[in-house]
Amino acid sequence: MIEERVVEIEENCGDRRRGHLSNYTDQPHGKLDSMSAPAVIIAALNLTPSLCERLADEGELLTFADTEPIQALQTILEQHPRLIVLERLFAATPRGAALINRIKTDPQISQAEIRVMSHTGDYTRVVSRGALADTVIVTPPASAIYAASSAAIEPEYDVEAEDAPVSVQDAPRQLDWHGTRRAARFRIRQGVEIQLDGNPANLVDLSVMGAQVVSATILRPNQRVRISVPTDEFVMRFRGAVAWAKFELPKPTEPPRYRAGVEFADADPTAMDDYCSKHKL
């Protein structure tokens with residue numbers, strides 16, 4: 001009987017349909033009784049069967065691929081699951097970190113347990129609902145990035161230090177390699193855009209040496225970018241590099257986005273200072 005149950009779990013978890021209900025119930029998806037709210041699993045497709053097997057005693061299991069954080073979040077908000085499980089490798093990605101922080105700060109699902117597990121079963125951690133967990137990667141100055149040939153990497157979510165308090169507003173700061181401010185930074189009026197590699201990006205704050213931006217386009221640390229800054233008279237064009245970046249999941253009504261710090265490599269300081277003066281709050 002035990003072998004038959006394991007086989008049934010593997011077959012159910014092998015179904016790759018989004019939000020597949022992998023348990024033994026005749027109730028249709030989306031009409032589960034509140035007392036039998038499903039547990040949600042988010043993991044890479046090849047790791048999902050192992051997690052399903054380890055969580056077989058949890059009842060109904062709704063599984064989502066690690067490429068479907070938006071769909072998983074929508075289901076979580078609709079179903080109010082009692083348990084949300086993120087596979088450890090997914091939790092260590094920007095999308096995993098953004099999803100964890102989004103769930104932790106939503107009062108509608110405050111009763112849900114957020115659990116990070118390895119597919120091998122040798123690691124389990126219940127995520128605290130305290131301070132937001134985040135990791136911001138700060139890289140060397142743009143001149144060093146242009147000299148280096150290393151591949152770009154994405155920032156990671158440290159599951160071992162997920163309770164470390166990081167302020168969303170204070171963390172994204174353009175720092176030099178020693179962690180000190182090199183130029184005055186100004187908050188920019190809402191709606192001011194520049195372009196990175198031809199894609200629009202909203203300015204958050206700006207100095208003569210760099211900027212914080214929000215973009216719908218993927219941005220990664222160490223990524224080299226061509227920057228265009230339109231003015232009334234002309235368009236400033238220069239090079240730069242992404243110093244840090246993180247993926248964000250805002251409200252369900254808003255699309256996902258990337259918040260990043262961009263360091264300028266060869267911008268005209270005088271022209272950038274004038275631009276800051278015209279557009280700062």
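We did not get these values from a lab; they are worked out from the coordinates using the rules stated. These figures come from a predicted structure and were not determined experimentally. Backbone-built Cβ (ideal geometry, glycine too); neighbour counts: all protein chains shown.
Could you list F90, F238 so that the one with the fewest beta carbons within 10 Å of its beta carbon is first and the one with the most is last?
By the 10 Å Cβ count, ascending: F238, F90.
Using 1/(1 + (r/R0)^6) with R0 = 25 angstrom and r between the beta carbons of Q74 and A44, what's the FRET efficiency to the nearest 0.05?
With R0 = 25 Å, the Cβ-Cβ based efficiency is 0.80.
Quick one: order D106, D66 by neighbouring beta-carbon count within 10 Å, fewest to most.
By the 10 Å Cβ count, ascending: D106, D66.
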